[in-house]
Structures are given as C-alpha cells and as structure tokens.
Amino acid sequence: MTITYKTAQDIEGMRVACRLAAEVLDYLTPHIRPGVTTNEIDRLAAECMARQGSISATLGYQPPGYPPYPKSLCTSLNHVVCHGIPNDKPLKKGDIMNVDVTVIKDGWYGDTSRMFVLGEASIAARRLSAMTFDAMWHGIVQVKPGAHLGDIGAAIQKFAEGHGFSVVREFCGHGIGRKFHEEPQVLHYGRPGTLDELKPGMVFTIEPMINAGRREIKEFGNDGWTIVTKDRSLSAQWEHTVLVTETGYEVLTRSDACPPPPAFAAWTSESLATA
Ligand code: MF3
Ligand code: CO
Ligand code: CO
C-alpha cells in the first residue's frame, strides 16, 4: 500500500465526485429537523444519489473484521462519535448530529460530513459543533507542499485541547481516490514536522472527531459499527476531502450551500493569499 498521486485528469474526476457528495448534504439539509427519522434521511440520500448517477460508498462496505455497512450514509447523534447507522427513531429538538456522505462517481470517491444542530440545542452542544468546524479548518490551512502530516494533527489538537475538548485517536482521516480508504492516515493529533511530507497530487480527508469530555471511545451495542464516547459526553465531527496543490490546498468537497470557511481560511490557499 502506497500513497497515490493524482494527475490533472484524476483530479477532474475527484472534483466531480467530491462536489456530488457535498450536494447530497445540501439536499438533505432542509429535511434534517425534529420529528424526522434517520432512516428517512438515508432514503432521501439514496434517492438523491440515484438522480446524480452516483452510488453510495458506504452501502455494503465491509472492511476486514466488520459486517457489511447497511445504509447509504452515517448518522452520528449526540454522544455517537462516528459510523452511526440510520434507524426509525425520530430526531428531537436539541440533538446534534453528524451526517457523513461518501459517493462513488465514475470510480472516484468523494467523502464529506457536516454537523447539524436541531432547534434550541444547548450552548455547549452548539459550541462543540462550531469549534470542531474550526478545528477541521485549522488542519486544512496547514496543507501545502513541504508541510508534514504531523502539522495537520498538531494544529487540530492544539486548537481543540486549547478550548478544553479532546481529540479521538482511534479514527483518522485518510487518502482517497479510486478507493475509499487509501494511504496515508491523517491523524488529528501529533507534532509539527513529523510524519510524511505533503506533495502535490495527494488527496486525503481531514475529519476530526472532537469530544466535549474525555477522548476514550467504545463500541456501542452489537451492530459492529456504532462508536460512542465512553463517558457519554457529546462528540462532533466535520469532514472535507482536500487536494494538495503546487502551492497549497484546494477543498474538493464544496457546493453551493456548503458552510463557508471561517475568516482565517478559504476554499483554496490561492484565494486566501489574495484576500
Ligand atoms: N465516511 C466515513 C469516513 O469518513 C467512513 C464510513 S464507513 C461506514 O471515512 F461503513 F461506516 F459507512
Ligand atoms: Co466520511
Ligand atoms: Co473519511
């Protein structure tokens, strides 16, 4: 297993797949409200992908040691850290939920997730979601040729822990392309200057899972997928797929209704430099 470097033509394919993944989230956004079940959200996503001519990368996905994942996306509610499976329970006011969408288009994978805050969630819940968004972006702006993977993790960890949150260690970002999970692993903690050097053509996700309480996690129930915080504290996650360009980065999983970058960032490092 080695890192794949994408050609200009590969990048065109990745741009399309990544935009479609983001557009699924755009489409779902008005439907994510109290009273709706996560199974309904899953069904809407499946319909949206069918219209796009994309297919879900998660439906039937079965890494070694796992049962096949049964749904078209992941819905991780409140203290669920990741890989929550849609079900028939209606969402409630005050819930926070990550929706993680990965599609395949013409053989290319696009992977992105967002947080949704339903109704009058607590200040703590809204703050966790907003801070995790900023944590992801603090990682993204590190991306440029010559930087190291450790720079990304260190920036995320410093920001998150500096605000009193903890960083989940067991799951990480990942290279992505013609496979769902490629090398390298993109840790969301670490030390600057360590691990692989970033080079143009690398494409990987940055997807920090940040807990309000302790960082420890455990498996929940016996579905083989759902991961929760051990202390039952709230957890949040955001995810973008990012390309290393000749001079910096380009976020590929953007769309018309995608939450815009925070003030210190931009969709591409080029637009940041001229802003
Ligand atoms: N989309 C997740 C990621 O960001 C992986 C989900 S795998 C699933 O890597 F099977 F749980 F859907
Ligand atoms: Co994902
Ligand atoms: Co991912």
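Here are a few things to note about the model shown:
- Contacts under 7 angstrom Cβ, first residue in region 9-23 being closer than 15 Å to Arg178 by Cα, partner of a type in the set (Lys, Arg) and buried (at least 18 other Cβ atoms within 10 Å of the Cβ), 6 or more apart: Met14/Lys6; Val16/Lys105; Ala17/Lys105
- Hey, Asp42 acidic (Asp, Glu) and either surrounded by fewer than 22 Cβ atoms within 10 Å (Cβ to Cβ) or over 24 Å from Met209 (Cα atoms) (or both) or not: no
- Test: residue in region 179-191 that is crowded, with 18+ Cβ neighbours inside 10 Å, of a type in the set (S, T, N, Q), under 24 Å from Arg15 (Cβ atoms) and within 16 Å of ligand 3 (Cβ to nearest atom): no
- Of the candidates Gly173, Gly201, the single residue that is within 16 Å of ligand 2 (Cβ to nearest atom) and either at pLDDT 95 or above or hydrophobic (A, V, I, L, M, F, W, C) (or both) is Gly173.
- Among the residues of region 114-141, those identified as surrounded by fewer than 24 Cβ atoms within 10 Å (Cβ to Cβ), modelled with pLDDT of 95 or more and either acidic (Asp, Glu) or part of a strand (DSSP E or B) (or both) are Met115, Phe116, Val117, Asp134.
- Restricting attention to region 175-212, the residues that are without any contact (Cβ under 8 Å) to a residue 60 or more places away in the chain and in a strand (DSSP E or B) total 4.
- Residue satisfying all of: in region 168-210; among the aliphatic types (A, V, I, L, M) and away from ligand 1 (no atom under 14 Å from the Cβ); farthest from the chain's Cα centre (by Cα) among these: Leu195
- Filter result (out of contact with any strand residue (DSSP E or B) (no Cβ under 6 Å at 6 or more places or on another chain) and near ligand 1 (Cβ under 8 Å from one of its atoms)) within region 63-79: Pro63, Tyr66, Tyr69, Lys71
- Check on Lys105, among the charged types (D, E, K, R) and either within 16 Å of ligand 2 (Cβ to nearest atom) or at pLDDT below 95 (or both): yes
- Hits in region 60-79 (condition: away from ligand 3 (no atom under 16 Å from the Cβ) and touching a residue at least 12 places away in the same chain (Cβ under 8 Å)): Pro67, Pro70, Leu77, Asn78, His79
- Qualifying positions in region 213-253 - away from ligand 3 (no atom under 16 Å from the Cβ), closer than 30 Å to Glu270 by Cα and not aliphatic (A, V, I, L, M): Thr245, Glu246, Thr247, Gly248, Tyr249, Glu250
- Taken over region 80-108, the criterion of being more than 9 Å from ligand 1 (Cβ to nearest atom), touching a residue at least 60 places away in the same chain (Cβ under 8 Å), more than 16 Å from Ala46 (Cα to Cα) and touching a strand residue (DSSP E or B) at 6+ places or on another chain (Cβ under 7 Å) is satisfied by Val80, Val81, Asp95, Ile96, Met97, Asn98.
- Among the residues listed as Arg215, Arg232, Arg254, the single one being surrounded by 20 or more Cβ atoms within 10 Å (Cβ to Cβ), more than 14 Å from ligand 1 (Cβ to nearest atom), assigned to a loop (DSSP other than H, G, I, E, B) and over 15 Å from the mean Cα position of the chain (by Cα): Arg215
- Of the residues making up region 24-53, those that are acidic (Asp, Glu) and touching a residue at least 24 places away in the same chain (Cβ under 8 Å) are Asp26, Asp42.
- Scanning region 49-70 for residues that are surrounded by 13 or more Cβ atoms within 10 Å (Cβ to Cβ) and over 23 Å from Gly177 (Cβ atoms) returns a single hit, Pro70.
- Within the span defined as region 235-243, every residue fails to be over 23 Å from Val141 (Cβ atoms) and β-branched (Val, Ile, Thr).
The values are calculated or read from the model by the stated rules, or taken from the named source; none is laboratory data. Quick caveat, the model's predicted, so the values are computed rather than measured. Note: ideal-geometry Cβ built from the backbone for every residue, glycine included; neighbour counts use all protein chains shown.
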